[in-house]
């Protein structure tokens, strides 16, 4: 029997505090003291740099970012620069891939598929793009994925733009892609989207794709 603990951390979450929570949960999952866990939340405004990030993809100085209310954090996930903030659903799965008999690429593909299936319940057709992992609608990225795997256990995860203020992406070259745009569910649907409904749809798709009871 495979069990998944889904924990809704709410909104306005500081990145550093949630990263510490991830690290503690990751360590506990490695030793078998907790089950697979999915954290769902909204962060305070923050730009994060993955392991392959180019510093010049941050377009403003630290001083300007601080004045505008943005944090800027280097992190251990893969990928380049991305944004987290209000109206964006962030999911951090802490999963044991070995116990699930999953390879890393299969895991990332299943993450994409869970988001694609959840979006379909809202009438949005999400797709993949060979330029960059995540979920796309046309030339616009709707959800970003960046992960880390250590001792067969995952960290970090996905960020889905629900009611995100897209102008907040203006301070970065998102994912290092010069020729792509960013979109959100509320932009595509031309209305505010209920975050709780999105969390429920994502949770159900996630449990289905990863075969939890």
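The values are calculated or read from the model by the stated rules, or taken from the named source; none is laboratory data. All values reported here derive from a predicted model rather than from experimental measurement. Don't worry about glycine lacking a Cβ; one is built from the backbone with ideal geometry, like all the others, and counts go over all protein chains shown.
Might you check whether a residue that is at pLDDT 95 or above, farther than 17 Å from residue 111 by Cβ and buried (at least 16 other Cβ atoms within 10 Å of the Cβ) occurs anywhere in segment 199-210?
Among the residues of segment 199-210, not one is at pLDDT 95 or above, farther than 17 Å from residue 111 by Cβ and buried (at least 16 other Cβ atoms within 10 Å of the Cβ), which makes the answer no.
Consider segment 127-146. How many of its residues are at pLDDT below 90 and in a loop (DSSP other than H, G, I, E, B)?
2
Just to be sure, is residue 25 in contact with a helix residue (DSSP H, G or I) (Cβ under 6 Å, 6 or more places away or on another chain) and closer than 17 Å to residue 93 by Cβ?
Details: in contact with a helix residue (DSSP H, G or I) (Cβ under 6 Å, 6 or more places away or on another chain): no; closer than 17 Å to residue 93 by Cβ: yes.
Here the answer is no, as residue 25 does not meet what is asked.
Which pairs turn up if I take residues in segment 1-24 that are touching a residue at least 40 places away in the same chain (Cβ under 8 Å) and look for partners that are loosely packed, with under 13 Cβ neighbours inside 10 Å and not in a strand (DSSP E or B) with beta carbon separation below 9 Å, at least 6 apart in sequence or on another chain?
From segment 1-24, the pairs are 1/213; 2/211; 2/213; 3/213; 4/213; 8/196.
Scan segment 1-40 for residues that are assigned to a strand (DSSP E or B) and on the phi < 0 side of the Ramachandran plot and report the count. Spell out how you get there, then give the answer.
Here is the first cut: in segment 1-40, the residues assigned to a strand (DSSP E or B) are 4-13, 36-40.
Among the residues that remain, those that are also on the phi < 0 side of the Ramachandran plot are: 4-9, 11, 13, 36-40.
The number of residues fulfilling the criteria is 13.
For residue 194, which of the numbered conditions (1) farther than 21 Å from residue 85 by Cβ; (2) without any contact (Cβ under 8 Å) to a residue 24 or more places away in the chain fails to hold?
Checking residue 194 against (1) farther than 21 Å from residue 85 by Cβ; (2) without any contact (Cβ under 8 Å) to a residue 24 or more places away in the chain, the one that fails is (1).
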